[in-house]
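The values are calculated or read from the model by the stated rules, or taken from the named source; none is laboratory data. Because the structure is predicted, anything quoted here is derived from the model rather than measured. Don't worry about glycine lacking a Cβ; one is built from the backbone with ideal geometry, like all the others, and counts go over all protein chains shown. For accessibility, only protein heavy atoms count, side chains too; no ligands or nucleic acids. Shrake-Rupley method; radii C 1.70, N 1.55, O 1.52, S 1.80 Å.
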Amino acid sequence: MSLHANAALPPHPAGTAPVQPAWLRITHWVNALAVLVMVLSGWRIYDASPIFNFSFPARITLGGWLGGALLWHFAAMWLLVVNGLVYLAWNLSSGRMRRRFFPLSAGGVLRDALAALRGKLSHADARHYNQVQRLAYLFAVVDLAVLVLSGLAIWKPVQFGALSALMGGFDNSRVVHFVAMALLVGFVVVHVVMVVLVPRTLRTMITGR
Ligand code: HEM
């Protein structure tokens, strides 16, 4: 067989392509690590000047003190943003985003949610996300974008003045940042419970198969 003919072959024979490609698995686990560091150090930063009537117990925060927590937060921020951009660029340019997350409709989400509650939602095809998953994953992506943008508005309120104004000023940007964090933590809790209920998906997210 000529080299030329080989080059025309698909990278994986039909049916053997990984369910979750390597770039997706790497960016997913790097993202999980970055989110963990950002949330735990964020709680320590919040504790230095709480905006609500409570603080986080110091033992579940990261950084030890405000300065240490800021160092963790800013280090993980680069990881989160660069990794997130790689994920988005690959997902969009390969067409995977469109294939995996769409179509998506209110009726479809309701139908799949009701089927899940009745225990009738099939998990047989790991290549296919049901509409509740699609909505939840798209929510996580959008929520992470809001976290990054509100973080920029708090970090550099002068340089990102327009962003800060869009979020109602510095104090409101802090509230937006906090609420987006709380929603992301809520997503992660539900996400991990779902993985425990369908553990096969975890193997796929580690090995690709
Ligand atoms: C900490 C923050 C986390 C975030 C923001 C997050 C977000 C996401 C997103 C957006 C997807 C879909 C990715 C895509 O297909 O493009 C996904 C898939 C997945 N995640 Fe996470 N994740 C997190 C942590 C975790 C953890 C701790 C676990 C394991 C316990 C986990 C296990 C999985 C699995 C197994 C899938 C694939 C689900 C399936 O194939 O049905 N994730 N995650």
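Placing unit charges on the Cβ atoms only, positive for Lys and Arg and negative for Asp and Glu, gives the stretch 45-144 a dipole magnitude near 560 debye about its Cα centre. In order along the stretch 190-207, phi translates into HN-Hα couplings of 4, 4, 5, 4, 4, 5, 5, 6, 10, x, 4, 5, 5, 4, 4, 6, 9, 9 Hz, rounded to whole numbers, per the Karplus curve 6.51 cos²θ - 1.76 cosθ + 1.60 with θ = phi - 60° and x for Gly and Pro. With the whole protein complex present, SER55 retains an accessible surface near 70 Å², based on a 1.4 Å probe. Taking the three principal axes of the alpha carbon atoms in the chain, the coordinate ranges are 65, 49, 34 Å, sorted in descending order. If R0 is 22 Å, the Cβ-Cβ spacing of LEU138 and ALA32 corresponds to a FRET efficiency of close to 0.80.
Put a plus charge on the Cβ of each Lys and Arg, a minus charge on the Cβ of each Asp and Glu, and nothing anywhere else: the dipole of the chain about its Cα centre is then about 680 debye. Across the chain, C-alpha contacts under 8 Å between residues 6 or more apart give a mean separation that, scaled by the residue count, equals a relative contact order of 21 percent. With θ taken as phi - 60° and the Karplus curve 6.51 cos²θ - 1.76 cosθ + 1.60 applied, the whole-hertz 3J(HN,Hα) list for the stretch 126-138 is 5, 6, 10, 8, 6, 6, 5, 4, 4, 5, 5, 5, 5 Hz, x standing for glycine and proline. For the stretch 112-209, the gyration tensor built on C-alpha atoms gives a prolate shape. Its axis ratio a/c (a ≥ b ≥ c) is at least 1.5, and a/b is the larger of a/b and b/c. Note that the stretch 92-103 has calculated 3J(HN,Hα) couplings of 6, 6, 7, x, 4, 4, 5, 5, 7, 9, 10, x Hz, one per residue in order, obtained from phi through the Karplus relation 6.51 cos²θ - 1.76 cosθ + 1.60 (θ = phi - 60°); glycine and proline are x. Counting only heavy atoms of the protein chains and using a 1.4 Å probe, ASP125 has close to 80 Å² of accessible surface.
For the stretch 88-209, the Cβ-based charge dipole about the Cα centre amounts to some 620 debye (Lys, Arg positive; Asp, Glu negative; other atoms uncharged).
Note that the chain presents 62 Å² accessible area per residue, ligands and nucleic acids not counted, probe 1.4 Å. Projecting the Cα atoms of ASN83, LEU117, LEU24 onto the charge dipole of the chain, computed from C-beta unit charges around the Cα centre, puts LEU117 farthest toward the positive end.
Each residue, VAL175 and PHE52, gets one label point 7 Å from its Cα in the Cβ direction; the gap between the two is 1.3 nm.
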